[in-house]
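Following: one structure in structure tokens, then a few remarks.
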Amino acid sequence: MASSEEDGTVEEKENNNKKRTKGTVATAWLTFYNIAMTAGWLVLAIAMMRFYIQKGTHKGLYRSIARTLKFFQTFALLEVGHCAVGIVRTSVIVTGVQVCSRIFMVWFVTNSIRQIQNEESVLLFLVVWTMTEITRYSYYTFNLLHLLPYFIKWARYNLFIILYPLGVVGELLTIYAALPFVRRSGMYSMRLPNKYNVSFDYYYCLIIIMLSYIPLFPQLYFHMLRQRRRMLHGEVIVEKDD
Ligand SMILES: CCCCCCCCCCCCC[C@@H](O)CC(=O)SCCNC(=O)CCNC(=O)[C@H](O)C(C)(C)COP(=O)(O)OP(=O)(O)OC[C@H]1O[C@@H](n2cnc3c(N)ncnc32)[C@H](O)[C@@H]1OP(=O)(O)O
């Protein structure tokens, strides 16, 4: 009896040690990840400001920052992994939609269609994303280090109220501007007849993606409003599991 109790205690201790090690490793990784992402988006902000000060126009700005933007936005895919393995308490679906829609905007719209890269709408979403991500990643970093200044917390849970809709407007206007070029070039499309007997029209795919913002964006926005109430006003909110 005594020995089984002792065994139980040893097992419990081992489990606690494992959890602590996993917790320490996860915290170290997340701290590194968030510092790297804050730095990446700060580099982008400085590059955009320098470009604008030197050239006095936004034309050519996308090309000048494309490589850095693609790297850091694609790196954000790891966030879906963080939720999936449970090291951050966020929904895989909410994070997945947010990250995938950004990656889609970067790789399959802005980067693929040169003719739209100088649109004002591209500048709009670039500025909005940059402001959001500097705030968000610095919030996570300071929070993990237990050094969070209130103004960063305030900015994280207030700026999105304006920035989120502005970002969506920038993204939708950019996709809209891309439509004529996609239709004319037939890019990423497969017309029948072909050896696979499959037809795909990227033009209509873009229209469907634009329409999908109608049901999906409000869910992301209301999720953030709930987070805001929880973080700034201490409300206890029970969210449904994925
Ligand atoms: C393939 C084609 C796809 C086409 C799809 C079409 C989709 C259409 C709709 C999509 C519209 C998106 C538009 C969008 O791109 C526009 C913009 O982004 S504009 C800029 C404004 N944007 C924002 O403000 C973004 C707001 N969104 C987010 O912050 C995140 O994406 C979101 C996943 C929504 C965040 O939610 P989350 O639940 O993570 O909130 P919290 O930040 O409060 O975090 C919750 C807890 O998790 C901890 N956490 C999360 N991440 C980390 C991390 N990296 N490191 C450490 N800790 C982390 C956080 O601290 C919280 O923990 P706790 O509760 O313990 O305090």
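The values are calculated or read from the model by the stated rules, or taken from the named source; none is laboratory data. Just so we're clear, the structure is a prediction, and the values are computed from it rather than from any experiment. Here Cβ is always computed from backbone atoms with ideal geometry, including for glycine, and neighbour counts include all displayed protein chains.
Yes/no matrix, rows are residues, columns are (1) modelled with pLDDT of 95 or more; (2) within 10 Å of the ligand (Cβ to nearest atom); (3) within 30 Å of HIS146 (Cβ to Cβ); (4) more than 21 Å from the chain's Cα centre (by Cα):
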site: LYS22; (1), (2), (3), (4): no, no, yes, yes
site: ASN34; (1), (2), (3), (4): yes, yes, yes, no
site: MET37; (1), (2), (3), (4): yes, yes, yes, no
site: ARG102; (1), (2), (3), (4): yes, yes, yes, no
site: ARG114; (1), (2), (3), (4): yes, no, no, yes
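Filter segment 70-109 down to the residues that are over 22 Å from LEU172 (Cα atoms), without any contact (Cβ under 8 Å) to a residue 60 or more places away in the chain and among the polar types (S, T, N, Q) and list them by number.
Within segment 70-109, THR90 is the sole residue that qualifies.
Provide a single number: the residues in segment 73-96 that are within 6 Å of the ligand (Cβ to nearest atom) and either farther than 17 Å from ARG136 by Cα or in contact with a strand residue (DSSP E or B) (Cβ under 7 Å, 6 or more places away or on another chain) (or both).
Number of matching residues: 0.
Only residues that are over 27 Å from THR130 (Cβ atoms) and exposed (fewer than 15 other Cβ atoms within 10 Å of the Cβ): list them for segment 150-193, please.
Result: PRO180, ARG184, SER185, GLY186, MET187, TYR188, MET190, ARG191, LEU192, PRO193.
Where the second residue is basic (Lys, Arg) and in a loop (DSSP other than H, G, I, E, B) and the first is in contact (Cβ under 8 Å) with a residue 12 or more places away in the chain and over 19 Å from TRP107 (Cα atoms) and lies in segment 185-203, which pairs have Cβ atoms under 8 Å and are six or more apart or on separate chains?
Within 8 Å, no pair qualifies.
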